[in-house]
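Working notes, structure below.
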Amino acid sequence: MAAPPDMELSPTLSLELLPTDPLLLILSFLDYRDLVSCCYLNRRLNQLSSHDPLWKRHCKKYWLISEEEKARQNQGWRALFISTYSDLGRYIHYYATLKKAWDDLKQYLGQWCPRMIGSLKESVREEDLDAVEAQIRCKLPDDYRCSFRIHNGQKLVVPGLMGSMALSNHYRSEDLLDIDTAAGGFQQRLGLKQCLPLTFCIHTGLSQYMALESVEGRNKYEIFYQCPDQMARNPSAIVMFITGTSYLEWFTSYVNKVVTGGYPIIRDQIFRYVHDKDCVATTEDITVSVSTSFLPELSSVHPPHYFFTYRIRIEMSKDALPENVCQLESRYWKITNAKGDVEEVQGPGVVGEFPVISPGKVYEYTSCTTFTTTSGYMEGYYTFHCLHNKDRFFNVTIPRFHMVCPTFKVSTA
């Protein structure tokens, strides 16, 4: 019995008979691994997956290759992807993020801290990184290796790429160490076993370390400042102030702070003061804002002594009347620690000065405080008097600002 005409089966649809454009559109949604796999399925897909424009997206996504770079290298997109992958393939999940961070940082430094650009070192080769691993007998994480394939840290100079801090009798500026210097500082001593220094300050000797193994209470690839445990009987016992959980997170979060203006540029240096946008108060024509920073090199957990510095900006509106010119007479502080203990401080001027504030003028100064608890806050007011009306005194609010010690842990050495 014959099948009705409307039930007759259509001939099998062959891949060879499908039009090219829809197939290319489908292939354009595939990731590079699937695109490569298509090369081995049949001749038609092999031809289509080699279509050069398909590889443009992958070159831009994974290697940040621009049209200009393609023109300079005089290669097709597919050839560029393959040649780059053969060199940097193990870093394909890190490269674009770290390359963008480096590019953003260099662009920012070129505008605000141009002399730092000259301190950056060129990239290293895979064999250089392999040689360091053989030297220290420990594997380096791929995100760390990837960063050094882009830039090999910086020369030991001042100012350092990783930020500065200055008080009247204390100065810190951290360089990002090149791979050979870092390997030379690799630690195997008790308390810092299998820790690699990432930064170094010439003035204080302070470093940030990365743990290459999970030993002595550290997590693998954790990044930290170390300070001695002064109350421990074992001299190798240290306390670690945690600054990152991986190299990628540590470096890119720092760069983001820099390029978005989160850290101020002072005298051609990056200062690591953190400003809370809510920490601003305006009284009449005068605005006071505060930024803070924790100093691990001057702090201790045992005994508890947490050192903070703060930078205060006092500004009179440019629209204020000329007769509103005034001078700071005194300050009042109310300092509260995490236990609720309160200390009050009152005295003339600020840091020995009695600044005059006029329309559009800014006055900034730096001071410091310590807590016996891991956090605390300060608030208060300045007393000003008008220069055009000597009898008029008024208080200007200092907004409450909090200071919090970063997470820390004690070494189990």
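The values are calculated or read from the model by the stated rules, or taken from the named source; none is laboratory data. Predicted model, so just to flag it, every value in this text is computed and none were measured. Here the Cβ positions follow ideal geometry from the backbone for every residue, glycine too, while neighbour counts run over all protein chains shown. The accessibility values were calculated without ligands, DNA or RNA, using every heavy atom of the protein model including side chains. Shrake-Rupley method; radii C 1.70, N 1.55, O 1.52, S 1.80 Å.
The residue of region 219-244 that is modelled with the lowest pLDDT, among those that are over 12 Å from the mean Cα position of the chain (by Cα) and among the β-branched types (Val, Ile, Thr), is 238. One residue is enough: does region 181-190 have a residue meeting the conditions in contact with a Leu (Cβ under 6 Å, 6 or more places away or on another chain), open to solvent by less than 40 Å² (accessible area, probe 1.4 Å) and not in a strand (DSSP E or B)? Yes. Taking the criterion of being open to solvent by 60 Å² or more (accessible area, probe 1.4 Å) and not β-branched (Val, Ile, Thr), the residues of region 350-367 that qualify are 352, 353, 354, 361, 364. Step by step: first the residues of region 267-284, then only those that are among the hydrophobic types (A, V, I, L, M, F, W, C) and either under 18 Å from the mean Cα position of the chain (by Cα) or open to solvent by less than 20 Å² (accessible area, probe 1.4 Å) (or both), then the one that is nearest to residue 402 (Cα to Cα). Which residue is that? Result: 279.
Mind checking which strands (runs of 3 or more DSSP E) fall wholly inside region 228-317 and carry at least 3 residues that are within 20 Å of residue 211 (Cα to Cα) and in contact with a His (Cβ under 8 Å, 6 or more places away or on another chain)?
Working: elements: 238-244, 274-283, 286-294, 306-316.
Counting at least 3 such residues, we get no strands (runs of 3 or more DSSP E) at all.
Of 147, 123, all but one fail to be of a type in the set (S, T, N, Q), open to solvent by less than 30 Å² (accessible area, probe 1.4 Å) and either at pLDDT 95 or above or not in a helix (DSSP H, G or I) (or both); the exception is 147. Going by the conditions given, is residue 318 under 30 Å from residue 238 (Cβ atoms) and in the same structural domain as residue 388 (by the TED database)? In short, no.
Residues checked against (1) at pLDDT 85 or above; (2) open to solvent by 50 Å² or more (accessible area, probe 1.4 Å); (3) aliphatic (A, V, I, L, M); (4) over 30 Å from residue 103 (Cβ atoms):
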| site | (1), (2), (3), (4) |
| --- | --- |
| 5 | no, yes, no, yes |
| 10 | no, yes, no, yes |
| 16 | no, yes, no, yes |
| 28 | yes, no, no, no |
| 40 | no, yes, no, yes |
| 60 | yes, yes, no, no |
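Among the residues making up region 90-106, those that are open to solvent by less than 60 Å² (accessible area, probe 1.4 Å), outside any loop (DSSP other than H, G, I, E, B) and under 19 Å from residue 33 (Cα atoms) are 91, 95, 96.
Residues in region 326-382 that are more than 14 Å from residue 315 (Cβ to Cβ), part of a strand (DSSP E or B) and touching a residue at least 12 places away in the same chain (Cβ under 8 Å): how many? Number of matching residues: 30.
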